Amino acid sequence: MSAIVATSEEDPALAVIRFTAELSWADAGPEVAETQVSELCMEAEEFMFRSRWLDLVSLILTSADLITSRVSEKDLECIFTVTCNLVTRANTPDEALEMAKLISSKVVQQPTDRPALRLKILFNLYNLLENPYSRFFVYKKALDLAASGKGAESIIPSFKNIDSFLQEWNIGKIDQRELFRSISNILKDNKSMAKDSFAFLTRYLATFSGVGEDAYTMNEAKEEAVQAIIEFVKSPDIFQCDLFDMPAVAQLEKDGKYALVYQLLKICVTQRLDAYLDFHAANSTLLKSYGLVHEDCITKMRLLSLLDLSSHESGEIPYSLIRDTLRITDDEVEYWVVKAITSKQLGCKMDQLNQVVIVSRHTERVFGLSQWENLRLKLGAWRRNIANGISTIQANKISEGLQGMQGLAIR
């Protein structure tokens, strides 16, 4: 099999051109092949002499496209490694971006053919680029490849660094929107990462402000808004939801098709089990159409109702109130309290003698302005208590010092 071999005097890019050209014209006979290879090499040398790097990349990719399926993985990686390195010779950042666009577009054309290698090539290209937006463009192409191919596991670890990437890329709202949606879609196919998928979907919806231009584009987010609501209701371990006040979600309230879905969200974040049961009685077919299981919804609503009781009952909840609100028997009260504790949504003690639950901590179903205000007040009180404690300690130290001096004077 042929292999790419560059002599000590030959530029690696020229060696790649020669290699791809020889393979492309191998079936045409030695005379025709020699002429064509010679012409391609001369054209490549002309581009290199005139520093026309974008044209050189285009020439290499055109030749490589003809033989991609015929070369080994090692040779294919070598071809793209050399091609990617040409971006470091670009005369301007804009030229480097155009070169990156050509290369990445070619790499993602066949996403199911050696996807891990194609992602590796894109990561290599990403690291060679200096311009932040060029890096973002290549990363987005890697996401597209992962979404349509089988190499998602190679890019998922990078998602934990998205916030630092965003600071580096400094991209606009529309680019962020597409980024969050792409990541959410990739994670959605991995059941163990449902919470992360929901988090990125929420960030996508949060990019719509509902004012100015967004008022016209927000309509495109309806399907994702419905998806986010359903995912929240389905999830057995997501109890806090910031969707309710988002313009992209709130638009569903008066939507002819999705108003009932919004009503379901409203029940989950502001009401209790009895409201859900009434909703189910009137809309059971709708719930089934979205794949929602009634028994699972009851379980979630019981836990959400218990959280709601925790936020409204001044720190103590009678067993009888839990029983009536959750529609359970007396014997089941402690089971549901323990279930809330083990899901880390509730911190409390059960006073069996007085039949009350003493709440020390609970998860807020919605964390909006009022919750931030409560947190501010609690932090303010905490600071004052700390300041008072420090003042008391200092006063005691001064008092002890004076008493010691008085004792010395008496002696």
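The values are calculated or read from the model by the stated rules, or taken from the named source; none is laboratory data. All values derive from a computational prediction rather than experimental measurement. Glycine gets a Cβ as well: all are built from the backbone with ideal geometry, and neighbour counts include every protein chain shown. Only protein heavy atoms, including side chains, enter the accessible area calculation; ligands, DNA and RNA are left aside. Shrake-Rupley method; radii C 1.70, N 1.55, O 1.52, S 1.80 Å.
Among the residues of segment 285-331, what is the count of those that are touching a residue at least 40 places away in the same chain (Cβ under 8 Å) and either among the aromatic types (Phe, Trp, Tyr) or open to solvent by 70 Å² or more (accessible area, probe 1.4 Å) (or both)?
The first filter runs over segment 285-331 and keeps only residues touching a residue at least 40 places away in the same chain (Cβ under 8 Å), leaving 290-292, 296-297, 299-300, 303-304, 306-308, 310-311, 313, 315-317, 325-327.
The next check asks that each one be either among the aromatic types (Phe, Trp, Tyr) or open to solvent by 70 Å² or more (accessible area, probe 1.4 Å) (or both); those that pass are 290, 296, 316, 327.
Count: 4.
I'm checking my understanding of the structure. Among residues of segment 375-402 that are under 30 Å from Leu304 (Cα atoms), of a type outside the set (D, E, K, R) and open to solvent by 80 Å² or more (accessible area, probe 1.4 Å), which one is modelled with the lowest pLDDT?
Leu377
Each row is one residue, and each column tells you yes or no for (1) under 14 Å from the mean Cα position of the chain (by Cα); (2) in a helix (DSSP H, G or I).
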site: Phe123; (1), (2): no, yes
site: Tyr133; (1), (2): no, yes
site: Lys141; (1), (2): no, yes
site: Lys150; (1), (2): no, no
site: Ser158; (1), (2): yes, yes
site: Ser164; (1), (2): yes, yes
site: Glu168; (1), (2): no, yes
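Looking at segment 70-109, which of its residues are surrounded by fewer than 20 Cβ atoms within 10 Å (Cβ to Cβ) and basic (Lys, Arg)?
Those that are surrounded by fewer than 20 Cβ atoms within 10 Å (Cβ to Cβ) and basic (Lys, Arg): Arg70, Lys74, Arg89, Lys101.
Name the residue that is most open to solvent (accessible area, probe 1.4 Å), counting only residues in segment 52-69 that are in a helix (DSSP H, G or I), farther than 20 Å from Lys120 by Cα and out of contact with any Phe, Trp or Tyr (no Cβ under 6 Å at 6 or more places or on another chain).
Thr62
What's the number of the only condition in (1) at pLDDT 60 or above; (2) open to solvent by 100 Å² or more (accessible area, probe 1.4 Å); (3) β-branched (Val, Ile, Thr) that Val359 fails to meet?
Of (1) at pLDDT 60 or above; (2) open to solvent by 100 Å² or more (accessible area, probe 1.4 Å); (3) β-branched (Val, Ile, Thr), only one is false for Val359: (2).
Of the conditions (1) under 16 Å from the mean Cα position of the chain (by Cα); (2) modelled with pLDDT under 95, Ala221 clears all except one; give me its number.
With (1) under 16 Å from the mean Cα position of the chain (by Cα); (2) modelled with pLDDT under 95 applied to Ala221, the lone miss is (1).
Here is a yes/no grid of residues against (1) without any contact (Cβ under 8 Å) to a residue 40 or more places away in the chain; (2) within 17 Å of Leu97 (Cα to Cα); (3) not basic (Lys, Arg):
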residue: Ala44; (1), (2), (3): yes, no, yes
residue: Arg52; (1), (2), (3): yes, yes, no
residue: Ser63; (1), (2), (3): no, no, yes
residue: Ile67; (1), (2), (3): no, no, yes
residue: Val71; (1), (2), (3): no, no, yes
residue: Phe80; (1), (2), (3): no, yes, yes
residue: Cys84; (1), (2), (3): no, yes, yes
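So is Asp245 surrounded by fewer than 16 Cβ atoms within 10 Å (Cβ to Cβ), over 19 Å from Leu326 (Cα atoms) and within 23 Å of the chain's Cα centre (by Cα) or not?
Taking the combined requirement at face value, the residue satisfies it.
Do we have any residue at all in segment 205-212 that's at pLDDT 95 or above, of a type in the set (Ser, Thr, Tyr) and under 18 Å from Glu224 (Cα atoms)?
Looking for residues that are at pLDDT 95 or above, of a type in the set (Ser, Thr, Tyr) and under 18 Å from Glu224 (Cα atoms), one finds none in segment 205-212, hence no.
Taking interchain pairs and intrachain pairs at least six residues apart, which have beta carbon atoms under 9 angstrom, with the first residue in segment 94-117 and within 19 Å of Ser148 (Cβ to Cβ) and assigned to a helix (DSSP H, G or I) and the second open to solvent by 30 Å² or more (accessible area, probe 1.4 Å) and of a type in the set (Lys, Arg)?
Correct list of pairs: Lys101/Lys141; Ser104/Lys140; Ser104/Lys141; Ser105/Lys141; Val107/Lys141; Pro115/Lys150; Ala116/Lys150.
Identify, by number, the condition in (1) closer than 24 Å to Ala221 by Cβ; (2) touching a strand residue (DSSP E or B) at 6+ places or on another chain (Cβ under 6 Å); (3) acidic (Asp, Glu) that Asp255 doesn't meet.
All conditions are met except number (2).
If I filter segment 285-326 down to residues being part of a helix (DSSP H, G or I), farther than 14 Å from Ala275 by Cβ and polar (S, T, N, Q), which single residue comes out as modelled with the lowest pLDDT?
Among them, the one singled out is Ser311.
Considering segment 183-219 alone, what residues qualify as being open to solvent by 20 Å² or more (accessible area, probe 1.4 Å) and over 20 Å from Lys234 (Cα atoms)?
Listed by number, the residues that qualify are Ala206, Ser209, Gly210, Val211, Gly212, Glu213, Ala215, Tyr216, Thr217, Met218, Asn219.
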